[in-house]
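The values are calculated or read from the model by the stated rules, or taken from the named source; none is laboratory data. The model shown is predicted, which means the values in this text are computed figures rather than measured ones. We place every Cβ from the backbone using ideal geometry, glycine too, and count neighbours over all the protein chains shown. Side chains are part of the model used for accessible areas, which takes the heavy atoms of the whole protein and leaves out ligands, DNA and RNA. Shrake-Rupley method; radii C 1.70, N 1.55, O 1.52, S 1.80 Å.
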Amino acid sequence: MKKLPLYVTILIGMAIGILIGFIAVSTGTEQVVTDWVKPWGTVFIRMLRLVAVPLVVVSLISGITNMSDMKHLSRLGLKTLFIYLITTVFAIFIGLIAVNVIRPGFVFPREKAEEFRIHYEQSVAEKQEAAQVVQEQGPLHFIEDLVPENVVQAAGDNSAMLQLILLSIVFAVAMVAVGRERSAPVKKIVESLNAIILKIIGYVMKIAPLGVMALMADLMVSFAGDVDLLLALGYYALTVVIGLCFILFVCYPLIVRFLSRVPLKSYMRAVFPVQLLAFTSCSSAACLPLNVEQMRKLGLPRNVISFVLPTGITINMNGTSCYHAIATVFVAQVMGVDLSLAQMLSIVVLTTVSSIGTPGIPSGGMAILMLVLVAVGIPAEGIAMIIAMDRPLDMLITAVNVSGDAMAACVVSRNEKEDPVEEADAETETETPVSC
């Protein structure tokens, strides 16, 4: 009997999870899902996050050290950063256009906004406190945050992924600088670790359908009682979905079609399982292992994959940037705040800068969004109205983020070739048994 592709089993898991959640809500047995089903989804996400940090470190070091020389490294880095920056700014403009054309805030009930502010007062206070800490920091504090005081502490914090990326890049560049002969012993260790981690990822992905099923069941149960909330925020959610879907189904395919050598159908087929996992996990970091595996199956150079994808989970946040732009203007519309052209441009700049280093975890950008709201003169309490919608929209936001990483890898790979040394290493590497 032919084995089902991974994306098919994930779809089946999603369907079963929705069915379980619907039955639980209908029969009043939500607690059963919380106690006996949800933990499996939690375990799955934790396993993915567990391998995400070593995968970022090892794959970055492996990818950079496989480059022929420093010139190759600098060219790849500049191309990657340029693509990430351009697509991020473009995503923000798409969000601003969508929210100003649809104007969802003008149909939002005022009494509902006040009700949500009171209901989510504690959550607002937490987000506002986090934003206040960021706001009180100096303009160059983000540069200070790039350098950790303790490597072990940084490795144990998923929100410090940008620090690990910097350390990994510096370490790998130093290996390239000292020459292949001197770095050969360390290089062998890194390659062995890379193969082992990929093998572990293969094991983890075998339980992906179970994890997705549990996550979907819990999501259905969690939001079953907030039907009024979902209806009241329908226009806002529709605006976000339109903006994100335009990026996902129009912008990315066009970029891949005209700026890369990867066939569009192959790209869509490869990224689909990653999108499904992103849709249920809401974590770019958790999707990194599968994204790496899928891009390898497209035949992209491994040094490109090892550099572009890990960097993208903290720098390339197109979905998050688009969402922040829409959310900021939406709150302003509800609060009756008229934004000037200068404030709109401020949103573009602030959102672009703040998207760099946003944690690749569920709802990792809420504190950053609070900072953007305050910076353009919008009452911080306004975030209470969108907290309830953050989790379901975060599913699509994460799918856009990880798809953008895959798109960038395809574009960067256009004029890049597999390093001869890397090809020799690849021949001896055991492939991870994941079928998609």
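Checking each residue of region 272-294 against the condition of being open to solvent by less than 20 Å² (accessible area, probe 1.4 Å), touching a residue at least 24 places away in the same chain (Cβ under 8 Å) and among the charged types (D, E, K, R) gives at least one match. Between L198, L210, the distinction of being open to solvent by less than 20 Å² (accessible area, probe 1.4 Å), closer than 23 Å to K3 by Cβ and assigned to a helix (DSSP H, G or I) belongs to L198 only. On the given criteria, is T29 at pLDDT 85 or above and among the hydroxyl-bearing types (S, T, Y)? When the stated conditions are applied, T29 passes them. Screening L371 against (1) modelled with pLDDT of 75 or more; (2) open to solvent by 10 Å² or more (accessible area, probe 1.4 Å); (3) part of a helix (DSSP H, G or I) leaves a single unmet condition, (1).
I'd like to know if region 126-142 contains one or more residues that are surrounded by 13 or more Cβ atoms within 10 Å (Cβ to Cβ), of a type in the set (A, V, I, L, M, F, W, C) and either over 20 Å from T320 (Cβ atoms) or modelled with pLDDT of 70 or more (or both). It would help to see each step written out before you state the result.
Within region 126-142, the subset surrounded by 13 or more Cβ atoms within 10 Å (Cβ to Cβ) is 126-128, 130-132, 134, 142.
So of that shortlist, the ones also of a type in the set (A, V, I, L, M, F, W, C) come out as 130-131, 134, 142.
Those left that are additionally either over 20 Å from T320 (Cβ atoms) or modelled with pLDDT of 70 or more (or both): none.
Among the residues of region 126-142, not one is surrounded by 13 or more Cβ atoms within 10 Å (Cβ to Cβ), of a type in the set (A, V, I, L, M, F, W, C) and either over 20 Å from T320 (Cβ atoms) or modelled with pLDDT of 70 or more (or both), which makes the answer no.
Applying the selection to region 159-174, what residues are out of contact with any Leu (no Cβ under 8 Å at 6 or more places or on another chain) and open to solvent by 20 Å² or more (accessible area, probe 1.4 Å)?
S159, L167, V170, F171, A174, listed by residue number.
Residues of region 386-436 that are at pLDDT 90 or above and open to solvent by 10 Å² or more (accessible area, probe 1.4 Å): L396, V411, S413. Quick check: is even one residue across region 82-89 part of a helix (DSSP H, G or I), at pLDDT below 80, of a type outside the set (S, T, N, Q) and open to solvent by 80 Å² or more (accessible area, probe 1.4 Å)? Looking for residues that are part of a helix (DSSP H, G or I), at pLDDT below 80, of a type outside the set (S, T, N, Q) and open to solvent by 80 Å² or more (accessible area, probe 1.4 Å), one finds none in region 82-89, hence no. The set of residues in region 63-80 that are modelled with pLDDT of 75 or more and either buried (at least 21 other Cβ atoms within 10 Å of the Cβ) or closer than 18 Å to V190 by Cβ (or both) comprises T65, L76, T80. Screening M268 with (1) open to solvent by less than 10 Å² (accessible area, probe 1.4 Å); (2) modelled with pLDDT of 90 or more gives one miss only, at (1).
Scanning region 175-195 for residues that are loosely packed, with under 14 Cβ neighbours inside 10 Å and without any contact (Cβ under 8 Å) to a residue 24 or more places away in the chain gives V178, G179, E181, R182, A184, P185, K188, I189, S192. Residue count for region 263-294 under the criterion of being under 20 Å from L215 (Cα atoms), among the hydroxyl-bearing types (S, T, Y) and in a helix (DSSP H, G or I): the result is 3.
Is it the case, given these coordinates, that S321 is among the hydroxyl-bearing types (S, T, Y), in a helix (DSSP H, G or I), surrounded by fewer than 22 Cβ atoms within 10 Å (Cβ to Cβ) and modelled with pLDDT of 85 or more? The answer is no for S321. Listed by first and then second residue, the pairs linking a residue in region 235-259 that is of a type in the set (D, E, K, R) to a residue that is open to solvent by less than 20 Å² (accessible area, probe 1.4 Å), with Cβ atoms under 9 Å apart and 6 or more places separating them unless they lie on different chains, are R257/Y267.
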